[in-house]
1. Within 10 Å of each residue's Cβ, count the other Cβ atoms and sort LYS59, LYS38 from fewest upward.
2. Note down the nm distance, to one decimal, between modelled labels 7 Å out along Cα→Cβ at THR36 and at CYS5.
3. What is the Cα centroid distance between region 28-77 and region 97-162, reported in whole angstrom?
4. So, R0 is 25 Å and r is the distance between the beta-carbons of MET234 and CYS129; what FRET efficiency does that work out to, to 0.05?
5. Would you mind ranking TYR103, TYR63 by Cβ crowding within 10 Å, fewest neighbours first?
6. Please say if the chain is rounded, prolate or oblate, where rounded means a/c under 1.5 for a ≥ b ≥ c the square roots of the C-alpha gyration tensor eigenvalues, and otherwise the choice is prolate for a/b larger than b/c and oblate otherwise?
7. Percent relative contact order of region 41-119, based on C-alpha pairs within less than 8 angstrom and at least six residues apart?
8. Modelling each spin label as a point 7 Å along the Cα-to-Cβ direction, I'd like the LEU15/THR79 distance in nm, to one decimal.
Amino acid sequence: MKKNCFWLVPACFFLIVCVLNLIGCLNYDSNVLERTVKPALMPLLCITTLSYLIGKGAKMDKYVALLVCGQLFGFAGDTMLMGSGFVFFAGGIGLFLTGHIFYICLFGGFSWKGLSLVKWVIAIAVLLCCTVALALAIGVEGVMLAPMGVYAFVLFLLIFSGFAGLVRHNAVKRGNTLTWLLIFCGGLLFTFSDSLIAIRNFGTISPFMNGFGVMSTYLLAQSLLAIGGVRLIMDK
């Protein structure tokens, strides 16, 4: 097998595990299959990412480390959220929050360059408004309002990282429009998936959306961020 095609092996396993996970989510009576394969999802995506970059001769620098750390903290968050109770929920959210920060450092490091103070003030104001609107829509209140507000703000900052790269003139000029579109859509889907989790914990939601809706959008989000991140690293 050619060196630059080795990534197809973990990629195929990742797709198989994704299908098994989603099938397990559809089983309302038992989540044994879903819980069994879930811990393998992000490690397989991480191995696929590294295999592709290594096969293409990419330099293993800080940008690769940021992408891989984002994925590994996603794995840690997945594993923590498999537990029941507040401690596991809070721990899982904290781990995902850390993973988002790694993603933001990677994507924002490219897309935020040259943004003026005025644009930053406008962006922060819009992000705060979106955070408040999401909290009100979901119905988060009490002691969880502040931590979930911080988490939502970080999610919107991830979306902004993709959006800023998408609308910047140099992104279009360099032919990176697809890259930033993938990152932007990945951030949107991540926010949608986490919103479903929040609704499940603070509101009401159907059993179908509990599992299948959360995981399908989450897996697609992580995949888009991985592809966008790889493209960004290869084009830098």
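1. Taking fewest neighbouring Cβ atoms as first place, the list is LYS59, LYS38.
2. Taking the simple label geometry, THR36 and CYS5 are separated by 3.2 nm.
3. Each part reduced to its Cα centre gives a spacing of 23 Å.
4. 0.10
5. On the way: TYR103 29, TYR63 20.
Going from least to most buried by this count: TYR63, TYR103.
6. On the way: a/c = 2.06, a/b = 1.08, b/c = 1.91.
Verdict is oblate for the chain.
7. Values: 63 pairs, mean separation 23.0, N = 79.
Answer for region 41-119 is 29 percent.
8. Result for the modelled spin labels: 2.7 nm.
Computed from the coordinates by the stated procedures, all read-outs in this text should not be read as laboratory data. Note that the structure is predicted; figures quoted are calculated from it, not measured. Please note: Cβ atoms are built from the backbone with ideal geometry, for glycine as well, and neighbour counts cover all protein chains shown.
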